1. State all residues of region 44-69 that are under 19 Å from Lys138 (Cα atoms), open to solvent by less than 60 Å² (accessible area, probe 1.4 Å) and β-branched (Val, Ile, Thr); if no residue qualifies, say none.
2. Only one of (1) at pLDDT 90 or above; (2) more than 25 Å from Ile221 (Cα to Cα); (3) open to solvent by less than 80 Å² (accessible area, probe 1.4 Å) fails for Lys315. Which number is that?
3. Under 12 Å from Leu194 (Cβ atoms), of a type in the set (Asp, Glu) and open to solvent by 40 Å² or more (accessible area, probe 1.4 Å): is that true of Glu304 in this structure?
4. Within region 77-108, which residues are under 13 Å from the mean Cα position of the chain (by Cα) and surrounded by fewer than 20 Cβ atoms within 10 Å (Cβ to Cβ)?
5. Of the residues Leu131, Leu106, Leu101, Leu114, only one is among the aliphatic types (A, V, I, L, M), in contact with a strand residue (DSSP E or B) (Cβ under 9 Å, 6 or more places away or on another chain) and over 23 Å from Ser52 (Cα atoms); which?
6. Just to verify a result, which residue in region 197-230, among those that are among the β-branched types (Val, Ile, Thr) and touching a helix residue (DSSP H, G or I) at 6+ places or on another chain (Cβ under 6 Å), is farthest from Val333 (Cα to Cα)?
7. For Leu15, are the conditions met, namely being modelled with pLDDT under 95 and assigned to a helix (DSSP H, G or I)?
8. When you go through Asn273, Asn225 one by one, which is the residue that is open to solvent by 20 Å² or more (accessible area, probe 1.4 Å) and within 21 Å of the chain's Cα centre (by Cα)?
Amino acid sequence: MVNINIMSPVDIRELQSTIRKAITNKQKILLKENLELQSLPIDAKTVILDLSSFDKIIELDKENFTVTVEGGINFLEFQIMLAQKGFFFPLDTYASAKTSLSYNVLHGLPSYTLGEYGNYREYVLGLEAVLFNGDHIKIGGKNIKNVSGLDIIGLLIGSKETLGIITKLTLRLLPFPEEKRVLLFNFKELKTALHVTNQLINKGINPAKLHILNASGNSIIKNINLSKSPVVIAEIDGFKASLPRQLDVFKEIISGHISNFSLEITDNNEITNFWNNFREAQYQALINVQNTVSFSCIISEIPEMVAEIEKELVKFEQEFIIQVNGIVGTGMVIPLKKVDNEWISQVAKLIEKYDGKVLGKKSFVNQGLNTIHKKLIDAFDPARISFLGGEEF
């Protein structure tokens with residue numbers, strides 16, 4: 001058992017001091033959330049950063065719909081606090097309940113609401129960070145005029161802890177939706193469910209969330225008596241006046257294809273509980289195995305591609321969850337139990353057959369990008385203390 005070296009700085013000076021000591025002692029630095037989410041070869045010299053002391057909301061500007069908040073705040077608790085005041089930060093991931101705001105932004109975790117509400121870059125107006133050279137930087141702010149020059153904010157979003165640690169963010173907010181509905185439908189075949197959800201998008205119905213799961217994926221839907229067949233989960237939100245039309249079109253397209261189950265959740269508390277349970281179950285499935293495949297593909301190609309993947313996985317005599325975000329064409333394949341990695345290469349070949357991409361896999365070598373990457377690392381992390389840094393493009 002490795003002795004874990006956890007450091008919990010309480011302010012910027014302590015964080016800078018921790019980073020400078022790591023530079024002096026030639027130690028690697030890693031955010032605490034990685035201990036569960038990834039299987040990493042850490043040792044006693046690795047410095048694990050716990051940002052939980054950076055958990056304060058600095059300012060909620062109700063007039064301009066912005067919030068300034070420290071990065072160590074729990075992501076889900078932050079969203080709940082905003083909702084109680086009538087505001088909405090719409091991004092939401094499988095790890096929201098377990099991770100900090102900084103972790104989500106630094107890793108650019110894919111949001112359940114990516115299709116309708118976009119990604120982190122559309123909401124981050126400003127930030128503060130401590131770089132891995134020890135510098136404390138402040139960029140942007142509540143006003144567009146505060147942002148000029150190179151897009152350092154965009155550079156840090158999704159940088160996966162390779163350049164520094166975000167300590168504070170100024171975010172754009174939205175008004176909380178007037179109404180929400182969560183709909184669940186069982187289908188006989190996964191391929192049919194995917195074709196039907198494509199029709200929804202083509203008809204201009206853009207749910208806030210749209211997940212398609214294979215039969216084994218029912219294991220991450222808790223407290224609902226589903227038959228073991230593929231299921232579509234959709235959340236539709238918006239103004240009271242527009243919601244009925246969206247629901248009618250949605251149900252009209254779906255109705256001719258569902259098997260024997262449909263459910264509409266209308267109570268906001270029940271909707272919250274549903275997603276909390278779903279999020280927790282997906283998170284547990286991920287950390288239990290850690291050898292998963294995430295992918296992206298053109299939406300029109302996904303039904304055929306996923307059908308082939310489903311057929312290929314039968315050979316491994318193991319149950320796999322297949323989950324697809326029907327709005328943006330991303331998804332995950334998760335074994336329900338630990339299994340050797342042979343299946344990963346087979347799934348990757350099928351994804352690439354349909355011109356999809358295995359996320360996290362280096363699919364090409366680009367000398368120009370490698371040069372830019374090296375210069376960024378030289379500037380932001382000259383001592384190479386980032387645990388996750390260093391991989392070339």
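The values are calculated or read from the model by the stated rules, or taken from the named source; none is laboratory data. Fair warning: this is a prediction, and the values are worked out from it, not measured in the lab. Cβ atoms come from the backbone with ideal geometry, glycine included; neighbour counts cover every protein chain shown. Just the protein is used for accessible areas: all its heavy atoms, side chains included, with ligands, DNA and RNA removed. Shrake-Rupley method; radii C 1.70, N 1.55, O 1.52, S 1.80 Å.
1. Matches in region 44-69: Thr66, Val67, Thr68, Val69.
2. Answer for Lys315: the failing condition is (3).
3. yes
4. Listed by number, the residues that qualify are Ala97, Lys98, Gly108.
5. Matching residue, one of Leu131, Leu106, Leu101, Leu114: Leu114.
6. Ranking the candidates gives Ile205 first.
7. No.
8. Only one candidate passes the filter, namely Asn273.
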